[in-house]
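Please treat every number below as a calculation from the coordinates, not as lab data. Keep in mind that what you see is a predicted model, and the values were worked out from it rather than measured. Using ideal geometry, Cβ is built from the backbone for each residue, glycine included, and neighbour counts are taken over all protein chains shown.
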Amino acid sequence: MSNAAARTLRAHPLALQLVILAGFALFPLAGDDYLVVELTQYLVYGIFAMGLSLVWGYAGILCFGHAVFFGLGAYVMALVSKGMVPGIGGALASGWAAMALAVAVVALFAVLLGYFLFYGRLSGPYLGIVTLAISVIAERVAIKWYYIGGYNGLTGIPPLSLGGREIIDIVPMYYLIASFAVGVYLLCRRIVASPFGTIVAAVRDNEDRAEFFGYNTAYYKIVIFAVGAAVAGLAGALFAVVTEFVSPTMIGFGMSTEVLIWVALGGKEVLLASFLGALLVRAMESFLSDVLTYYWFLILGLFFVACVMFFPRGVFGRLLAARPMATGAKAGGAGET
Amino acid sequence: MGSKQRWIAVAALLACVLLAFAPPAVAGKKPVKIGVVLPLSGGFEIYGNLGVRGAKMAVAEINAAGGVLDGRPLELIIEDNKTDPKTSVEKAKKLILRDKVVAVMGPVSSAARDAMTPVAVKYKTPLLYGIDYEGGVCNRYVFLYSAIPDHDMDKMVPYMGQKYGKTFYVFGYDYVWPHKMTEAIQRNVDKIGGKVVGVEYTPFGVKDFTPTIQKIAKSGAKVLMLIVPGADGFTFIKQFTEFGLKDKIKIVALASDENYLTALTPQQSEGIFTALPFLASLDKPEAKDFVARQKKMFGNDVVVTWATCSHYGLVMLLKKAIEKAGTDDREKIIDNMGDLTVTVGNGPETMRAKDHHMILNMLIGKFTGGKLVVEKDLGRIVPSDQCKGKDLQ
Amino acid sequence: MWDIGIQLLHSLNYILVLVLVAMGLVIIFGLMRVINMAHGEFFLLGAYTVVLTSQRGLGFWPGLVLAPVIVGLVGMVIEWAVIRHLYHRLLDSILATWGISIAIKQLIIIFFGPAGLMIKPPLPQSVHILGLVYPVYRLFIMGVSVAVIALTFYLFQRTDFGLGARAVIANRDMAAALGINTRRMNRVTFTFGSALAGLAGAVMAPLMSCDPQMGLGFFIPAFLSILVGGAGALSGVLVGGAVVGGGDSLISFLFSPVTAQIVVFSLAIVLIRIRPQGLVGGRRHE
């Protein structure tokens, strides 16, 4: 992209978003089934990344265990739609109800966890390590619990159906997930652009000051934490539908750190940047790791260090910052001060 | 140069470029592609590399002998699943949808296998699995070149009980395979009138096993069934040896193989038992020949284990099935894959049609003086029907 | 009773090992407020130094001496190249060290391969304690750990450097205003902490599987120990190590290792939530 075009797009964020949207809408026309399947999965990761972006980029809460919500959503989705939860059957066990339930359970869990964490005034590095330990515990519990499949996880998750037809084929599945991605994006944008979102940003930039102004900062942190968790939970439920399996690796430390890389590389302070970060890293990994084999992780690690040091706003962050002033234009929010 | 000549020159150049980019299929026959999804990073890469070497050698030998279906060569497309179920699913889809492989081989962990199974079913592609596991899979699209609890425990437990005493202690990882193994051990201990004096499970990544070692030491057990393969198993054996318990309590380390020789000193591995369908030190012509061929292809330092053999055997089975079917149609290959017999490193081994599991020849091995040697040849072992009460479709 | 006596010895051993591993971490965290996510990989580098000297026929002991030197140098370079640019961006320093950890682990895999490697036990003898056959090497490890603890305390309580360091822990800006060279302090601290991680890795190498994943298993318990005990005071790590290590060891013995891990981690999180300053720590200065 030429500099002039980039400038034009930056001046017109809506145009840029439309270009990206059109790209996704037209993608299946390329006709390569495999690429469509891959992109479907990346879109799910992208939704997951937006969830972390809300929590980390917009609220300044470094969460080293965001996969707990992703995995929890996936497990609830799997268990409910397979009819494995006692007392929940019939219409409630249908795919859509299961998905709604998954999101609700994750949000509730996040509220409880947030209440536990934020009213304890845990912050910064402490929060990071505590959430890391929680993700390790979650993975252990999932491995140990045989009813939910133990180490091998659960398979055979039924597909979603729309208007009496099951969504199994590659292209309908793609459009289903893509519309979820667009919906989540629009919803999250509404949230961060709302007065509520402004207060969250204020809490991030200076928690003490926000408190002096009379805001109950813990409350705002809990709510945004729950929203970010619910988005991750939705991504987890969609992941279970797309791949037809859940396993303990999805809830653990490894997955939590993966999403952290996507969001940091993409640009944590901008939703769309985080989303594209997930797509970029996954795509690069898919196509480069076979060529580079052992060197892939070495390069990823070093690239990540460089990115943290020199581009704290990520690869896409600066380009896509829709409202540079309101979303933390000074190089770094609370995360870095 | 006139304008006419210039056009001719351009046309000639274009033709050359087109020829250069033309698919090589013009030259040779279209290859039959086999997908491989094995861990080449992320923790289980030791087994992944063994499997890849087995498969590569099988393909090289088949191609040298003229390929399949009137001269079509086999081609391996190898993907790294990073020891991760999600990645396994992605890679399996890539191989099936993009590369149009006739079969997918792999992975290693049972979690990844269970995750890949729906992909194999959905796209009607055979999944060829070559790692020992807990048994019980019954699926038209899954073929398992694996030793299951039926293969080893029915003979191993009586052997150890008779020789060293009938009190057993079971210590394993806390996941499905060790739990199923424990059931098989318990069943056989009951059969010989022995006693399991303790069962304990451990999570991944424990660094200090002394509390467990102390419990084992005072349990009065004569035999320890250790179901902790790999790194944590090395840590356990190092610490168990350190406390000087190996003389009093014999260890059967399940799934321990030639890899243990590089990770443990001869003193640390001395006297440990294992049960496997193949050992590199086996004194049979096919075993010696197999090891020699591996060394010739991958160098003298190459480690050859049962995992090498099983993945080699899977390719050989697939080749036979393709020839028998007379086509590279995947459903027809599956129909013809059952009840085929191949000889890899230890006698003829048969893939049963009724449950897609193997009839294998088993060995008891013992680590002795820094080598893994054959202690007893258990011969041909027919496992119980893994599809009992289920439908293979 | 007798069993419990032996178990206490085992617990003490594990606690001292954990404190040894955590010591480098707590120094860096306490002084610099940097969570060094690459600590597990510094441990790994220490262990592989010993593997290397063993493979080259030099044996274990030269490796034990070399490991802290080499890993300390690596730490110094990393501090110079990365960490010093991130002192005012706490969370970014976590992320950067974590990127470094990925790279170091991968370098080890590239050079040594993914498989476990052997180290000959340096002290295979054993002695009788409480009627128990106890390996001499474990006594040696406990000795090393006690020595490291003593040395660290001496350094921080009895030397000029320690006085400056404690001033930095108490109030970094004030310390800088009083003329303490915090820049130099940071470099020395990070180098020293890294060297201790390398030493811990080298000491533990003969007792565990030496493979590229070996750093991970200690990292989280070590961290929880620090947070439980409190990072403000050095004695915090002793208390934290005793709670986390002793708890894990005892519950493993009484119940099972699986229960132990879940219970100890959960308990640690609750403790950290109730007392973010740690069991020992007083008031914190951010």
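Here are the numbers:
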quantity	calculated
Max mean-square fluctuation residue, GNM over chain C, Cα-Cα springs under 10 Å, options C:Ala268, C:Ala177, C:Ala233	C:Ala177
³J(HN,Hα) computed for each position of the stretch B:120-128 - Karplus, 6.51 cos²θ - 1.76 cosθ + 1.60, integer Hz, glycine/proline x	4, 5, 4, 9, 6, 10, x, 10, 10
Mean ellipticity per residue at 222 nm, deg cm²/dmol - from DSSP H runs of n ≥ 4 across the protein assembly as shown, formula -39500 (n - 2.57)	-19500 deg cm²/dmol
Where only C-alpha atoms are counted, convex hull volume of chain A per residue in Å³	148
Lys, Arg +1 and Asp, Glu -1 on Cβ, resulting dipole of chain B about Cα centre, debye, nearest 20	560
Fraction in percent of alpha-carbon pairs per bin - 20 Å, chain B	27, 52, 16, 4, 1, 0
Sequence-distant residues sharing a close amide H with B:Leu76 (under 5 Å, placed H)	B:Ile34
Per-pair calculated FRET efficiency, R0 = 56 Å: B:Thr368 and A:Asp169 via Cβ, rounded to 0.05	0.45
Relative contact order, percent, the stretch B:301-355 [alpha-carbon distance under 8 Å, six or more residues apart]	28
C:Leu12 versus B:Lys163: modelled label distance in nm, points set 7 Å from Cα along the beta carbon direction	4.0
Pairwise FRET efficiency - A:Tyr147 versus A:Leu26, Cβ, R0 = 41 Å, nearest 0.05	0.40
Stokes-Einstein diffusion coefficient of the stretch B:38-185, Kirkwood radius over Cα pairs, 37 °C, 0.692 mPa s, in µm²/s	192
Mean separation of Cα contacts under 8 Å, 6 or more apart, over the residue count of chain A: relative contact order %	32
Of B:Val373, B:Val32, B:Gly165, farthest towards positive along the dipole that unit charges on Lys, Arg, Asp, Glu beta carbons give chain B	B:Val32
Rh by Kirkwood over Cα pairs, then Stokes-Einstein D for the stretch A:142-190 at 1.002 mPa s and 20 °C, µm²/s	159
The stretch C:23-214 shape via C-alpha gyration tensor axes, a/c threshold 1.5	oblate
Cut-off under 5 Å, modelled amide H: who pairs with B:Glu375 long-range	B:Ile364, B:Gly365, B:Lys366
Shielding of B:85-93 by partner chains, average beta-carbon count, 10 Å	6
About the Cα centre, charge dipole magnitude for the protein assembly as shown (Lys/Arg +1, Asp/Glu -1 at Cβ), debye	1120
Set of the stretch B:341-368 residues, backbone N closer than 14 Å to the point 7 Å along the Cα-Cβ line of B:Lys388	B:355
Two-site label geometry, A:Val19 and A:Leu162: point separation in nm, points 7 Å out along Cα→Cβ	2.8
5 angstrom amide H check on C:Cys210, placed H, neighbours 5+ away	C:Leu117
Burial order of peptide ranges A:21-32, A:217-228 (average beta-carbon count within 10 Å, highest first)	A:217-228, A:21-32
Low-density loop positions, trypsin sites (Lys or Arg not before Pro), the stretch B:317-393 - DSSP coil, at most 15 other Cβ in 10 Å	B:Lys354, B:Lys388, B:Lys390
Global geometry of the protein assembly as shown, whether rounded, prolate or oblate, following the gyration tensor of its Cα atoms and the 1.5 cut on a/c	oblate
Average beta carbon contacts from partner chains per residue of A:128-135, 10 Å cutoff	6
Spin-label model distance (nm) - C:Gln55 vs A:Ser179, 7 Å beyond Cα toward Cβ	5.7
Loop-resident sites, the stretch C:1-104, for trypsin sites (Lys or Arg not before Pro), counting at most 14 other Cβ within 10 Å (DSSP)	C:Arg56
Averaged over A:151-160, number of beta-carbon atoms from partner chains that fall within 10 Å	5
Test item: Cα-centred dipole of the stretch B:150-276, Lys/Arg +1 and Asp/Glu -1 on Cβ, debye	540
Highest-fluctuation residue, B:Gln268, B:Gln239, B:Gln214 considered, GNM on chain B with Cα pairs under 10 Å	B:Gln214
Neighbour-count ranking [beta-carbon atoms within 10 angstrom, fewest first] of A:Tyr174, B:Tyr145	A:Tyr174, B:Tyr145
Relative contact order (%) - criterion: Cα under 8 Å, at least six apart; region: the stretch B:150-276	26
Ordering of B:297-310, B:272-285, C:148-161 by burial proxy (mean other Cβ atoms within 10 Å per residue, highest first)	B:272-285, B:297-310, C:148-161
Trypsin sites (Lys or Arg not before Pro) lying in DSSP loop within the stretch B:120-220, provided at most 13 other Cβ fall within 10 Å	B:Lys124
Three-way shape call for the stretch B:150-276 based on the alpha-carbon gyration tensor, with the a/c threshold at 1.5	rounded
Pairwise FRET efficiency - B:Asp70 versus A:Tyr115, Cβ, R0 = 56 Å, nearest 0.05	0.20
